[in-house]
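Notes follow the structure.
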Amino acid sequence: MLVHTLRKLFSRDINRLKEEIKLYSKEENLWIIQDSINNSAGNLCLHLIGNLNTFIGVVLGTSNYTRDRDAEFNLKNVSKDKLLEQLEETRMLVDVSLENLNENRLQEEFPIQVFSEKTSIAYMLIHLTTHLTYHRGQINYHRRLLDQKEEMEID
């Protein structure tokens with residue numbers, strides 16, 4: 001039951017992230033950092049792609065993805081189309097990886113230690129859903145701030 005719920009949540013929220021990226025009126029705005037905003041939407045998107053591919057695709061699935069965490073925060077000007085393509089690939093990988101996860105395994109220890117103490121697979125998957133929605137919210141806020149700024153400049 002929980003695996004089914006998690007599959008639905010990841011799919012829903014990755015699709016919502018894709019819609020958020022599509023809503024950027026200017027592609028270059030994906031990469032803007034200003035004021036107290038430390039990460040661009042594009043970099044947060046790359047971070048989520050790397051995070052989900054690693055902790056679900058590699059650790060729980062059969063992916064051979066190699067994470068470059070530094071690039072997630074340093075790459076710039078990846079096209080909107082490329083981000084959307086990578087998000088869709090990530091959505092499919094997460095779904096297949098979780099589809100093949102036996103419900104009984106959820107209480108097992110997550111195969112790698114991510115935090116200061118060991119956690120269960122269920123704990124890590126729930127953490128990853130909240131991590132995804134947290135950064136998606138940041139991206140939404142980033143986009144709306146930039147849109148508002150553009151509207152004010154037009155007036």
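The values are calculated or read from the model by the stated rules, or taken from the named source; none is laboratory data. A quick note: this is a predicted structure, and the numbers were derived from the prediction, not measured. All Cβ positions, glycine included, derive from the backbone under ideal geometry; neighbour counts span all protein chains shown. With ligands, DNA and RNA removed, areas are computed over all heavy atoms of the protein, side chains included. Shrake-Rupley method; radii C 1.70, N 1.55, O 1.52, S 1.80 Å.
Worth a mention:
- Of the residues making up the range 83-105, those that are surrounded by 12 or more Cβ atoms within 10 Å (Cβ to Cβ) and farther than 17 Å from LEU52 by Cα number 1.
- Residues considered: GLN148, GLN86. Of these, the only one that is at negative phi, at pLDDT below 95 and either part of a helix (DSSP H, G or I) or of a type in the set (Val, Ile, Thr) (or both) is GLN148.
- When the range 54-79 is limited to residues that are touching a Gly at 6+ places or on another chain (Cβ under 9 Å) and not in a loop (DSSP other than H, G, I, E, B), the one that is least open to solvent (accessible area, probe 1.4 Å) turns out to be GLU72.
- The selection criterion, being assigned to a helix (DSSP H, G or I), farther than 23 Å from LYS22 by Cβ and either modelled with pLDDT of 95 or more or among the aliphatic types (A, V, I, L, M) (or both), does not hold for SER116.
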